[in-house]
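Here is the structure we will look at.
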Amino acid sequence: MVVMIQLKTKQEKMASEVDDEINNNEMEIFPYPGKAKSDVWKFFGFLKKTDGPPIKANLDMTTAICRVCKKKYANKGNTTNFRMHIDGEHYGDLEPKLKQKSQPRLDSFLKTNKPVGKISPERQSTIDDALNKMIVGKVLPVSIVDNIYFRAFVELLDPRYQVPSRPTVIKRLEEKKLKVEDKLKSQLKLSADISITHDGWTSLNTESYYTTTVHFIDNDWCLQSAVLGTIKLAGSHTGQNIANELKNTQDRWSLPKPTATSDNAANEQKAYEILGWNRFGCYGHRINLIVKNSLSFPEVTRVLGKARTLVGFFHKSSSMTDMLHEKQKLLFSDSKVGHRLLIDVATRWNSTLFMLQRLLEQAPVLMALANDTSLPKHASTTLKNSVFNFDELTLVENMVKILVPFEKATTLVCADQHPTMHKVLPIVTKLMRATEISDDDAAVIKKIKQKMLAEMSKRTQSEDISLMACLLNPFTKGLDFVSEEREKAHGLLRGLVCGITIVKKEKDTQEAPEGEVSAEKDNNVPALPNLNLPDNETGHEVHDLSQPSAAKKLKSADTDDWLEDVVCVGESLDVGSAAEHEIERYLGCQIDAVDHNLTVLEWWKKNSLFFPRISILAKKFLAIPASSVSSERVFSLGGQIVSKKRCRLSHSNVDLFIFLNKNMKYW
């Protein structure tokens, strides 16, 4: 320890001596040896480390020194920092003509518009916060604060404001991240059940990241989502490594045991098996596999190949694209003029549908262009070989009819602003009906439908999570479209409800636990849904709570706390009977015409008071997303952050920018 301190002191002393010598002009700064590729070396040079001519061997090339202000920078192989220094400190020396031209106008403006006095700390802080939001929200590089044009713009707006440096901005963003984390943690503590989505992506500089998002329904029955972190995963992407990363995230955020939604990769499945967490396979990924596997027939592959060749031909030729637009003006109305042909992407099956739809729309134009005698021979040959004939157009039209329901299903399951799990079973039923084979179908269409039905039977089997979510949607609780699963669903509901214990509210506490009926709500009790109960098969008396005689079901303000377990919700001490009674009331209640205008969460917000146990399950299952699209959408943001000009961004700063950008509502 003593040796290290002495060494550090010696290094600091040597650096101080070098600075003194530079400041006293006792040491000469030599220019870049040889031919310099960048003009920044007009301002920067190096010190000698040994005697002799100023060649690379005799110069200290590890440190570059500004020959104007003597500021030192580490020379790491690029000149970005040197350029920033010149633009910020020696702008007049680099571009004197431009500065002389703009400075008089700037001086004239400031003379007549300069605010009086100094900027207040509150205004400085407000502008700093707005600047941080702009950098994070618009994914701007932090180096913008060093840009001479940005600083001139800010000076025009308010010359009193002091633009912070890059390190200061990063420091403030890190402090803001801690505050956002605290707010998010306080929100998560109020939720007994949460779900997560998890997926991985690779940045431009081939670094692997895994993103975890959390989903929960708050006390106001609003679906909330947030990014917990974007973690760089080193080593192999094995199930054990992914499990370790997920466990670290759970411990860091003090999360309860979540239900996860992820793609169907083997390492993801293995990770959740190791952790013992419930997992639901992403339905967006399932639909993608169903469609891709169903379009693998030779007849379909040949048509898709012609489509890609045709679209690629126009994308590579600007002259042919111009001719396409000219033909559009002759044959189409204004609504279709200017439409470009679309190419499909391997990772998004619905892009194949969009490509075929656009080719059908532009078929008259493409046929007319293929028969244009003014085209060059190679262009005419390519078009005639690639444009669909009438039989192929008929096949494409039928394929589009089949694929449109799958595109609609993908849109529904990939939404992330409202619950989606309760839509899974209706979507599967709808797709099954859309792929029913008809006698009028062509042979190829029959093969496609048969393959789709087989794939759906394999990948869309009924699961407890989707079944429970559908049952907990009051608008689909009858399960008429999957009547064979009704008895199983009711059994699952009874098993889960009987295992729930209603926690009573302690006196004078701030928050009521989920599922509780509290005295504060007595003055504004919503109307109970209409009850159409079946015959009482359980032997328990069924009460209609909408009658005045049922007023005792709600705890009044003068009820002693010792009697709370009896009169709070009108339950007997037999918990099983109370749970069964609640299930009967939920399954038997009818939906009013007014309620049909409500969303599923709005209905539960209105009626959760009367179904305290089942409402807890509704928060749990309706918060589970049907797809992992929330994590996948981070990929696009990650691509904007780790761009070609920012590919050396540290993984901690990648996490910082993604976290703040996606959790801006907690700012």
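Which one of the conditions (1) under 29 Å from residue 282 (Cα atoms); (2) modelled with pLDDT of 90 or more; (3) open to solvent by less than 10 Å² (accessible area, probe 1.4 Å) does residue 611 fail to meet, given that it meets all the rest?
Unmet condition: (1).
Has the stretch 250-269 got any residue that is aliphatic (A, V, I, L, M) and part of a helix (DSSP H, G or I)?
Yes - at least one qualifying residue is present in the stretch 250-269.
Pick out the one residue from 154, 145, 139 that is of a type outside the set (Ser, Thr, Tyr), under 30 Å from residue 627 (Cα atoms) and out of contact with any Gly (no Cβ under 8 Å at 6 or more places or on another chain).
Step by step, each of 154, 145, 139 is checked, and only 139 is of a type outside the set (Ser, Thr, Tyr), under 30 Å from residue 627 (Cα atoms) and out of contact with any Gly (no Cβ under 8 Å at 6 or more places or on another chain).
Here are some residues: 301, 352, 321, 381. Which one is open to solvent by 20 Å² or more (accessible area, probe 1.4 Å), touching a residue at least 12 places away in the same chain (Cβ under 8 Å) and among the β-branched types (Val, Ile, Thr)?
None of the other options fit; the residue is 321.
Could you list, in sequence order, the residues of the stretch 614-643 that are among the aromatic types (Phe, Trp, Tyr) and buried (at least 18 other Cβ atoms within 10 Å of the Cβ)?
Correct list: 621 only.
Out of all the residues in the stretch 589-606, which are open to solvent by less than 20 Å² (accessible area, probe 1.4 Å) and either closer than 18 Å to residue 498 by Cβ or at pLDDT below 90 (or both)?
589, 595
Which of the residues spanning the stretch 254-265 are in contact with a helix residue (DSSP H, G or I) (Cβ under 8 Å, 6 or more places away or on another chain) and either surrounded by 17 or more Cβ atoms within 10 Å (Cβ to Cβ) or closer than 27 Å to residue 434 by Cα (or both)?
255, 258, 259, 260, 262, 263, 264
Mind counting the residues in the stretch 397-417 that are open to solvent by 40 Å² or more (accessible area, probe 1.4 Å) and at pLDDT below 90?
2
Condition check ((1) in contact with a helix residue (DSSP H, G or I) (Cβ under 8 Å, 6 or more places away or on another chain); (2) assigned to a loop (DSSP other than H, G, I, E, B); (3) of a type in the set (Gly, Ala, Ser); (4) open to solvent by less than 30 Å² (accessible area, probe 1.4 Å)) across all residues:
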residue	(1), (2), (3), (4)
422	yes, no, no, yes
426	yes, no, no, no
445	yes, no, no, yes
448	yes, no, no, yes
477	yes, yes, no, yes
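Can you pull out the residues in the stretch 325-346 that are touching a residue at least 24 places away in the same chain (Cβ under 8 Å), open to solvent by 50 Å² or more (accessible area, probe 1.4 Å), more than 15 Å from residue 309 (Cα to Cα) and not in a helix (DSSP H, G or I)?
336
From the list 268, 361, which one is at pLDDT 90 or above, surrounded by fewer than 19 Cβ atoms within 10 Å (Cβ to Cβ) and of a type in the set (Asp, Glu)?
Result of the check over 268, 361: 361.
Out of (1) open to solvent by less than 70 Å² (accessible area, probe 1.4 Å); (2) under 23 Å from residue 370 (Cβ atoms), the odd one out for residue 309 is which?
Evaluating residue 309 over (1) open to solvent by less than 70 Å² (accessible area, probe 1.4 Å); (2) under 23 Å from residue 370 (Cβ atoms) leaves (1) as the failure.
What's the number of the only condition in (1) surrounded by fewer than 18 Cβ atoms within 10 Å (Cβ to Cβ); (2) among the aliphatic types (A, V, I, L, M); (3) within 18 Å of residue 389 (Cβ to Cβ) that residue 369 fails to meet?
Answer for residue 369: the failing condition is (1).
So, in the stretch 271-285, exactly how many residues are in contact (Cβ under 8 Å) with a residue 40 or more places away in the chain and open to solvent by 20 Å² or more (accessible area, probe 1.4 Å)?
Adding up the residues that qualify gives 2.
Considering the stretch 266-302 alone, what residues qualify as being in contact with a helix residue (DSSP H, G or I) (Cβ under 7 Å, 6 or more places away or on another chain) and basic (Lys, Arg)?
Across the stretch 266-302, the qualifying residues are 270, 279, 286.
Can you name the number of the only condition in (1) more than 27 Å from residue 206 (Cβ to Cβ); (2) modelled with pLDDT under 85 that residue 645 fails?
(1)
Report, ordered by the first and then the second residue, all pairs with beta carbons closer than 6 Å, sequence separation of six or more or different chains, a first member in the stretch 21-39 that is exposed (fewer than 14 other Cβ atoms within 10 Å of the Cβ), and a second member that is modelled with pLDDT under 80.
21/27
The values are calculated or read from the model by the stated rules, or taken from the named source; none is laboratory data. The shown structure was predicted, so the numbers you read here are calculated from the model rather than taken from an experiment. Counting neighbours? That spans all protein chains shown, and the Cβs are built from the backbone with ideal geometry, glycine included. Side chains included, ligands, DNA and RNA excluded: accessible areas come from the protein's heavy atoms. Shrake-Rupley method; radii C 1.70, N 1.55, O 1.52, S 1.80 Å.
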